[in-house]
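The values are calculated or read from the model by the stated rules, or taken from the named source; none is laboratory data. Because the structure is predicted, anything quoted here is derived from the model rather than measured. Please note: Cβ atoms are built from the backbone with ideal geometry, for glycine as well, and neighbour counts cover all protein chains shown.
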Amino acid sequence: MGADEILEWEEEARKLRRERADWEFIEKLPPKLKAALKYYIETGDVRLAQQIAGVDYEDLRELIRRARVPVVL
C-alpha cells in the first residue's frame, strides 16, 4: 500500500466518522468530552482522544459508541 493509498483511506475513514456521528449528542457534552470526540473523528487516534477527555480507554470507547461514531480499522 503506497502513501497515496494510505492518505485516501484515512480521508475515507474521516468522512465516515463525520457523516455517521450523532452531532446533536456530541454538542451537548461537556467541553473536554466534546473536544476528545471531535479529535477522534478527525484523526481516529483513540489514545490521544482518551487523554484529552481525561477518561480511561473503556469509558472513551463507550462514549464513541453512544455518539454513534463508527470505528474504522
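As for the range 20-35, it holds at least one residue that is in a helix (DSSP H, G or I) and closer than 14 Å to VAL71 by Cβ.
Restricted to the range 57-73, and to residues there that are within 19 Å of GLU10 (Cβ to Cβ) and free of Cβ contacts under 8 Å to residues at least 12 places away in the same chain, the residue that is surrounded by the most Cβ atoms within 10 Å (Cβ to Cβ) is VAL71.
The sole residue among ARG68, ARG20 that is touching an Asp or Glu at 6+ places or on another chain (Cβ under 6 Å) and at pLDDT 95 or above is ARG68.
Here GLU8 meets each of (1) within 14 Å of the chain's Cα centre (by Cα); (2) surrounded by fewer than 14 Cβ atoms within 10 Å (Cβ to Cβ); (3) charged (D, E, K, R) with one exception, condition (1).
Of all residues in the range 36-56, those satisfying the criterion of being hydrophobic (A, V, I, L, M, F, W, C) and either under 11 Å from ALA67 (Cα atoms) or surrounded by 17 or more Cβ atoms within 10 Å (Cβ to Cβ) (or both) are ALA36, LEU37, ILE41, ALA49, ILE52, ALA53, VAL55.
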